[in-house]
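K.L.:
So that we are looking at the same thing, I have put the structure below in structure tokens.
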Amino acid sequence: EGAARDISARIRAEEELRDSERRYRDLFESNPHPMWVYDLNTYRFLAVNEAATIAYGYSREEFMRMTIKDIRPRHEHARLLKSVRQARKSPGITKTGIWKHRFRNGAIRLVEITSHAIQFEGHPARLVLAHDVTDQLKSEDAMQQSRQDLELLVKERTADLEAANVALRREVSRNKKLEGQVLEAGDQEQRKIGQDLHDGICQM
């Protein structure tokens, strides 16, 4: 006696799962932005892509011996742990804002973090994408400073122009007053000459 069971569907499902995992690996490895997976319980790195090793300067082996706290300045650890606790409650995509990350050469860079909850090799984990925004923020700060400097210069030039305008109005008013005095003096002189002609020469 024997029994037969059709396992075609299961085999197709397993093949699709393997294909899906292979595509995920390819997308993970070829992404130009640093990416990693970390364990939500131990905070240890479970996987990193090539872009992360290039940007941060650590080898894969070094990453695997580290936790996500090791790439943060100590004063940000409390904020990090709070963010991880909140991430456990959010299964979807989460933007956790801008963080300071320490690179292997000691440089501190500003990095925008986006993460997503996943199960990785049986571990509750987060998939993280890191976008270095240091240069962008520096450019924005420089533009903001230039804008403020320009506004200050405009205010100073406006104040100078207003002062010059006040002085000009005073000079125009003074000139008008002097012009009136000159005309009045001329009229008085003409009247005096006329009077002299009338009283003197006409009588003679």
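The values are calculated or read from the model by the stated rules, or taken from the named source; none is laboratory data. Nothing here was measured: the structure is a model prediction, and the numbers come from that model. As a convention, Cβ positions derive from the backbone with ideal geometry for all residues, glycine included, and neighbour counts pool all protein chains shown. In case anyone asks, the SASA skips ligands and DNA or RNA and just uses the protein heavy atoms, side chains included. Shrake-Rupley method; radii C 1.70, N 1.55, O 1.52, S 1.80 Å.
K.L.:
From S30, S83, S90, which residue is of a type in the set (G, A, S), at pLDDT below 95 and open to solvent by 50 Å² or more (accessible area, probe 1.4 Å)?
P.N.:
Exactly one of S30, S83, S90 is of a type in the set (G, A, S), at pLDDT below 95 and open to solvent by 50 Å² or more (accessible area, probe 1.4 Å), namely S30.
K.L.:
Please determine whether any residue of segment 36-50 is without any contact (Cβ under 8 Å) to a residue 12 or more places away in the chain and not basic (K, R).
P.N.:
no
K.L.:
What single numbered condition from (1) of a type outside the set (V, I, T); (2) in a helix (DSSP H, G or I); (3) at pLDDT 85 or above; (4) out of contact with any Pro (no Cβ under 7 Å at 6 or more places or on another chain) fails to hold for A51?
P.N.:
Of the numbered conditions (1) of a type outside the set (V, I, T); (2) in a helix (DSSP H, G or I); (3) at pLDDT 85 or above; (4) out of contact with any Pro (no Cβ under 7 Å at 6 or more places or on another chain), the odd one out for A51 is (4).
Listed here are the residues, each with its yes/no results for (1) closer than 18 Å to D132 by Cα; (2) of a type in the set (S, T, Y); (3) modelled with pLDDT of 95 or more; (4) not in a loop (DSSP other than H, G, I, E, B).
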{"site": "A4", "(1), (2), (3), (4)": "no, no, no, no"}
{"site": "R18", "(1), (2), (3), (4)": "no, no, no, yes"}
{"site": "R23", "(1), (2), (3), (4)": "no, no, no, yes"}
{"site": "Y38", "(1), (2), (3), (4)": "no, yes, yes, yes"}
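K.L.:
Given the conditions (1) of a type in the set (D, E, K, R); (2) open to solvent by 90 Å² or more (accessible area, probe 1.4 Å); (3) touching a strand residue (DSSP E or B) at 6+ places or on another chain (Cβ under 7 Å); (4) not in a strand (DSSP E or B), and given that K95 satisfies all but one, which numbered condition is not satisfied?
P.N.:
Tallying (1) of a type in the set (D, E, K, R); (2) open to solvent by 90 Å² or more (accessible area, probe 1.4 Å); (3) touching a strand residue (DSSP E or B) at 6+ places or on another chain (Cβ under 7 Å); (4) not in a strand (DSSP E or B), K95 fails exactly one: (4).
K.L.:
Pick from I193, I113: which is among the β-branched types (V, I, T), free of Cβ contacts under 8 Å to residues at least 60 places away in the same chain and not in a helix (DSSP H, G or I)? Explain how you work it out, then say what you get.
P.N.:
Numbers: I193 fails: not in a helix (DSSP H, G or I).
Testing whether each residue is among the β-branched types (V, I, T), free of Cβ contacts under 8 Å to residues at least 60 places away in the same chain and not in a helix (DSSP H, G or I) leaves just I113.
K.L.:
Quick check on this structure: which one of K177, K138, K155, K100 is on the phi < 0 side of the Ramachandran plot, assigned to a strand (DSSP E or B) and not aliphatic (A, V, I, L, M)? Reasoning before the result, please.
P.N.:
Details: K177 fails: assigned to a strand (DSSP E or B); K138 fails: assigned to a strand (DSSP E or B); K155 fails: assigned to a strand (DSSP E or B).
Answer to the check: K100.
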